[in-house]
Amino acid sequence: MATHFTDQDYATQTAKGLAIVDFYADWCGPCKMMAPVFEELATKYEGKVKMGKMNVDEDPETPGRFGVSGIPTLVFTKDGEEIGRLVGFQSKDALVGKIEEIFGVK
């Protein structure tokens, strides 16, 4: 299950290891389509990749720092540093391929 990130805990949540942050909003259609894919993969990669969601309306500071201008935006981090990004809806196969490419995990 994906973790809920906030502006207050983002740095702590992503400080060590691999993480993907899904920047989304409740009113966003593509974000709603992305949600079940993200949740399924959060279960698949549990223990390997921390997967968290951040609502851009409730916590605007962190998305602002990342320059998020379109949602959904998925930011891939390693030890707190961005190493990849996807913008827009991603199919399960596309997202799995990107996770394997960026993080090297299966």
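The values are calculated or read from the model by the stated rules, or taken from the named source; none is laboratory data. As the structure is a prediction and not an experimental result, all values here were calculated from the model. Don't worry about glycine lacking a Cβ; one is built from the backbone with ideal geometry, like all the others, and counts go over all protein chains shown. Calculation scope for accessible area: heavy atoms of the full protein, side chains included, ligands and nucleic acids excluded. Shrake-Rupley method; radii C 1.70, N 1.55, O 1.52, S 1.80 Å.
Order the following by accessible area, largest value first: Lys16, Lys106, Lys98. Probe radius 1.4 Å; ligands, DNA and RNA are ignored.
Values: Lys16 175, Lys106 155, Lys98 55 Å².
The residues order as Lys16, Lys106, Lys98, largest area first.
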Problem set entry | Accessible area of Glu46 in the full protein assembly, 1.4 Å probe (Å², nearest 10) | 130
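Can you sort Tyr10, Tyr24 by solvent-accessible area, 1.4 Å probe, largest first? Walk me through the numbers before you get to the answer.
On the way: Tyr10 10, Tyr24 35 Å².
Putting Tyr10, Tyr24 in descending order of accessible area: Tyr24, Tyr10.
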For this session: For Val49, tell me the accessible area in Å² from a 1.4 Å probe, rounded to the nearest 10.
Result: 10
Seminar exercise, completed: Given backbone amide H placed at 1.01 Å from N, residues whose amide H is under 5 Å from that of Lys53, ignoring those fewer than 5 places away on the same chain, are Thr3, His4, Phe5, Asp22
Exercise. Once you list every other residue whose beta carbon is under 15 Å from the beta carbon of Lys48, what net charge do they have if Lys and Arg are +1 and Asp and Glu are -1?
Worked result: +1
Exercise. Using 1/(1 + (r/R0)^6) with R0 = 22 angstrom and r between the beta carbons of Lys16 and Arg65, what's the FRET efficiency to the nearest 0.05?
Worked result: 0.70
Exercise. Quick one: Cα centre-to-centre distance for the stretch 66-100 and the stretch 1-16, in angstrom?
Worked result: 15
Exercise. Local charge sum around Phe38 (other residues, Cβ-Cβ under 9 Å, Lys/Arg +1, Asp/Glu -1)?
Worked result: -2
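Which length gain, in nm to one decimal place, applies between Lys48 and Lys106 when the Cα-Cα distance is subtracted from 0.36 nm times their residue separation?
Using 0.36 nm per residue and subtracting the Cα-Cα distance, I get 20.0 nm.
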For this session: For the chain, build the charge dipole from Cβ charges (+1 Lys, Arg; -1 Asp, Glu) around the Cα centre, then report which of Gly52, Gln8, Leu18 sits farthest towards its positive end.
Result: Leu18
Exercise. Just the Cα atoms of the chain, one point each, no solvent: what log10 I(q)/I(0) does Debye give at q = 0.21, 0.22, 0.24 Å⁻¹?
Worked result: -1.12, -1.25, -1.54
Seminar exercise, completed: With every protein chain in place, the accessible area of Thr43 for a 1.4 Å probe, in Å² rounded to the nearest 10, comes to 80
For this session: Per residue of the stretch 19-34, in order, report the coupling 6.51 cos²θ - 1.76 cosθ + 1.60 (Karplus, θ = phi - 60°) as ³J(HN,Hα) in whole Hz, putting x for Gly and Pro.
Result: 8, 10, 10, 9, 7, 9, 9, 5, 8, 8, x, x, 5, 5, 5, 6
Exercise. With charges only on Cβ, +1 for K and R and -1 for D and E, what is the dipole size of the chain about its Cα centre, in debye, rounded to 20?
Worked result: 400
